[in-house]
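The values are calculated or read from the model by the stated rules, or taken from the named source; none is laboratory data. This is a predicted model, so every value here is computed, not measured. So basically every Cβ, Gly included, is an ideal-geometry build from the backbone, and we count neighbours across all protein chains shown.
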2 protein chains.
Amino acid sequence: MGAAKFLRGLARRFPPRRLTVIVNTGDDENFYGLHVSPDVDTVTYTLAGMVNPAAGWGLKDDTFAALEALSRFYGKPWFNLGDRDLATHLYRTERLRSGASLSRVTAEIAKRLGGGAGILPMSDDRVHTWVKLRGRAAMPFQEYFVRNRARGNVERIELRGVEKARPLPAALTAIRQASAVILAPSNPFVSLGPILALKGVRRELQKMRPRVAAISPIVGGRTVKGPADRMMRAFGHEVSPLGVARLYRDIARVFIMDIRDRQYLEPVRELGMEPIAVDTVMTTPAKSARLAGIVLDALRV
Amino acid sequence: MGAAKFLRGLARRFPPRRLTVIVNTGDDENFYGLHVSPDVDTVTYTLAGMVNPAAGWGLKDDTFAALEALSRFYGKPWFNLGDRDLATHLYRTERLRSGASLSRVTAEIAKRLGGGAGILPMSDDRVHTWVKLRGRAAMPFQEYFVRNRARGNVERIELRGVEKARPLPAALTAIRQASAVILAPSNPFVSLGPILALKGVRRELQKMRPRVAAISPIVGGRTVKGPADRMMRAFGHEVSPLGVARLYRDIARVFIMDIRDRQYLEPVRELGMEPIAVDTVMTTPAKSARLAGIVLDALRV
């Protein structure tokens with residue numbers, strides 16, 4: 001998750017207490033009767049310094065005894081849930097069942113685990129991302145992404161429920177009141193896409209455009225990780241920072257691309273954006289922090 | 001749990017496939033949104049050879065990582081749920097939520113874990129055992145038994161919902177068709193009590209009386225474990241095999257007491273029962289099996 005790596009760096013350059021993270025919940029899923037919010041958890045664990053650094057998701061040093069025992073009842077698992085991680089899902093599920101909103105529970109969890117930043121699910125309403133592969137019926141995002149390891153030719157992304165879902169009011173307020181907004185180097189269709197598709201979010205960002213930066217997840221013609229490159233191609237977009245910039249030109253003034261893509265500086269400038277070419281590949285926390293510093297500087301934060 | 005120790009022995013002397021165990025569910029409780037059936041689980045794990053032999057409940061070699069992580073959200077836990085054990089509760093909870101009956105889920109779990117015996121919850125309806133201590137408000141059984149370590153002076157046991165609950169039809173059928181019925185050396189009020197309080201159960205056993213044996217949980221004036229002795233005293237019963245025998249005289253022909261209580265052989269015979277005095281303290285599996293063999297012999301099974 002490029003967003004998590006970026007956040008880890010951002011939290012080194014910006015006081016977490018002043019940071020609000022709006023997180024995709026389109027890939028939330030029910031496993032074993034538990035409400036799992038993979039993106040919210042990754043962000044929460046990352047900011048709390050508890051994330052498993054090797055995997056980029058889940059908790060550091062977690063064990064998998066419960067999951068192994070669950071396989072007796074459900075067969076071989078395809079979605080990993082650690083024992084300590086389960087506690088988060090149990091708590092979330094119980095709180096949701098007792099009537100608490102997802103945003104409230106997310107805040108409670110973030111507070112208990114620490115990290116200091118505000119973490120907001122994009123909506124308290126259910127949006128469910130489905131993926132339609134060529135020759136297959138549509139499937140929930142996690143099934144495509146984890147179970148099928150993002151294989152197959154994506155025909156389209158369905159954001160089920162997105163028309164009816166209201167963006168979290170606190171998220172809209174956070175955007176309005178922010179001194180700057182950063183679109184992390186995430187998948188434009190399944191990570192940022194669901195957030196931007198919520199009614200009113202894109203318009204708020206358009207109003208904020210001078211204070212918005214976007215970071216290209218495409219580096220050297222491909223993604224560092226994940227299927228964003230293949231999705232761009234499938235949906236008829238150029239697989240380059242320019243292709244990404246076109247998706248955000250109405251909502252972002254500053255556009256960050258990798259230094260090896262500097263041939264796109266001029267084409268992106270012609271879109272009316274302010275392009276910056278730097279090293280965006282976050283192989284170490286220090287590199288993440290340096291990238292965050294550059295973005296903050298460009299936004300004059 | 002005397003019942004579990006006895007069952008462990010019984011399963012060595014009697015083919016588990018022909019064994020049906022009717023289990024109290026009055027002390028079922030909701031923990032972290034999960035439906036936990038402590039007695040059913042202890043019986044299931046025991047018969048599957050998976051029980052933690054030191055504790056007498058829970059799974060052998062289980063770990064407690066999830067519980068430790070849950071304490072971040074819920075504070076220090078007072079009810080132990082192991083990581084592997086959690087899988088059972090997750091499965092049960094999800095199946096119940098999807099509309100399956102407790103008896104069905106119990107059978108599914110027993111089948112997956114193995115052991116071969118039929119395990120029947122006493123009812124698919126909810127009966128909730130509460131304990132009223134002197135000077136305190138009534139509390140759910142697990143709170144009294146585990147959280148408070150069965151301390152305090154019990155004034156009364158409330159079997160909430162027992163009037164409306166129907167005994168499991170399969171349990172009544174099992175009693176009717178059994179070649180013998182054994183009342184395990186369990187607490188007469190909170191373990192056997194809820195089962196016997198269900199409409200029709202006692203009458204079925206009265207009809208079967210010649211084929212029913214009961215085993216005294218009172219040995220040498222006290223229980224091996226648990227608060228049955230104090231409850232007997234509190235409720236005005238003699239704390240002896242005779243006191244126990246009086247509770248079951250209408251439903252059991254054979255009455256097993258410990259050899260050190262043999263002075264009660266005659267008084268129990270005078271109740272119209274057939275008393276047997278043997279070593280009933282099940283300190284080893286072999287001793288459990290020997291006791292089971294004696295009971296089976298007395299019932300001519």
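Below are the figures for this structure:
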{"item": "Residue within segment B:233-243 that is touching a strand residue (DSSP E or B) at 6+ places or on another chain (Cβ under 6 Å), under 29 Å from residue B:148 (Cα atoms) and not in a loop (DSSP other than H, G, I, E, B) present", "result": "yes"}
{"item": "Given (1) at the interface with chain A (Cβ under 8 Å from one of its Cβ atoms); (2) closer than 30 Å to residue A:107 by Cβ, index of the condition residue B:31 fails", "result": "(1)"}
{"item": "Hits in segment B:151-165 (condition: surrounded by 13 or more Cβ atoms within 10 Å (Cβ to Cβ) and charged (D, E, K, R))", "result": "B:155, B:156, B:158, B:160"}
{"item": "Qualifying residue in segment A:224-238 (condition: more than 17 Å from the chain's Cα centre (by Cα) and under 23 Å from residue A:20 (Cβ atoms))", "result": "no"}
{"item": "Which numbered condition residue A:40 misses (of (1) touching a Ser or Thr at 6+ places or on another chain (Cβ under 6 Å); (2) within 11 Å of chain B (Cβ to nearest Cβ))", "result": "(2)"}
{"item": "Among (1) at pLDDT 95 or above; (2) within 28 Å of residue A:14 (Cβ to Cβ), the one test that residue A:53 misses", "result": "(1)"}
{"item": "Selection within segment A:104-135 - assigned to a helix (DSSP H, G or I) and surrounded by fewer than 21 Cβ atoms within 10 Å (Cβ to Cβ)", "result": "A:104, A:107, A:108, A:111, A:112, A:113"}
{"item": "Segment B:105-116: number of residues that are touching a strand residue (DSSP E or B) at 6+ places or on another chain (Cβ under 6 Å) and either away from chain A (no Cβ under 14 Å) or among the aromatic types (Phe, Trp, Tyr) (or both)", "result": "0"}
{"item": "Exclusive hit being out of contact with any Lys or Arg (no Cβ under 9 Å at 6 or more places or on another chain) and more than 26 Å from residue B:127 (Cβ to Cβ), set B:15, B:38", "result": "B:15"}
{"item": "Per-region count, segment A:205-217, residues out of contact with any strand residue (DSSP E or B) (no Cβ under 8 Å at 6 or more places or on another chain) and either touching a residue at least 40 places away in the same chain (Cβ under 8 Å) or crowded, with 22+ Cβ neighbours inside 10 Å (or both)", "result": "3"}
{"item": "Selection count, segment B:174-204, where residues are in contact with a helix residue (DSSP H, G or I) (Cβ under 8 Å, 6 or more places away or on another chain), hydrophobic (A, V, I, L, M, F, W, C), surrounded by fewer than 24 Cβ atoms within 10 Å (Cβ to Cβ) and assigned to a helix (DSSP H, G or I)", "result": "3"}
{"item": "Residues located in segment B:247-301, provided they are among the basic types (Lys, Arg), farther than 14 Å from residue B:217 by Cα and part of a helix (DSSP H, G or I)", "result": "B:262, B:269, B:287, B:290"}
{"item": "Subset tally (residues that are free of Cβ contacts under 8 Å to residues at least 40 places away in the same chain and in contact with a Ser or Thr (Cβ under 6 Å, 6 or more places away or on another chain)) for segment A:265-301", "result": "0"}
{"item": "Selected residue (criterion: nearest to residue A:94 (Cα to Cα)) from residues of segment B:46-103 that are polar (S, T, N, Q) and more than 8 Å from chain A (Cβ to nearest Cβ)", "result": "B:71"}
{"item": "Qualifying positions in segment A:162-173 - of a type in the set (A, V, I, L, M), in a loop (DSSP other than H, G, I, E, B) and farther than 26 Å from residue A:238 by Cβ", "result": "A:165, A:168"}
{"item": "Conditions (1) surrounded by 15 or more Cβ atoms within 10 Å (Cβ to Cβ); (2) within 14 Å of another protein chain (Cβ to nearest Cβ); number of the one not met by residue A:143", "result": "(2)"}
{"item": "Count of segment B:205-220 residues which are under 18 Å from residue B:23 (Cβ atoms) and in a helix (DSSP H, G or I)", "result": "1"}
{"item": "Count of residues meeting criterion [part of a loop (DSSP other than H, G, I, E, B) and within 11 Å of residue A:87 (Cβ to Cβ)] in segment B:65-82", "result": "2"}
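Residue-wise test of (1) touching a Leu at 6+ places or on another chain (Cβ under 6 Å); (2) within 17 Å of residue A:194 (Cα to Cα); (3) modelled with pLDDT under 95.
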| residue | (1), (2), (3) |
| --- | --- |
| A:70 | no, no, no |
| A:81 | yes, no, no |
| A:86 | no, no, no |
| A:110 | no, no, no |
| A:141 | no, yes, no |
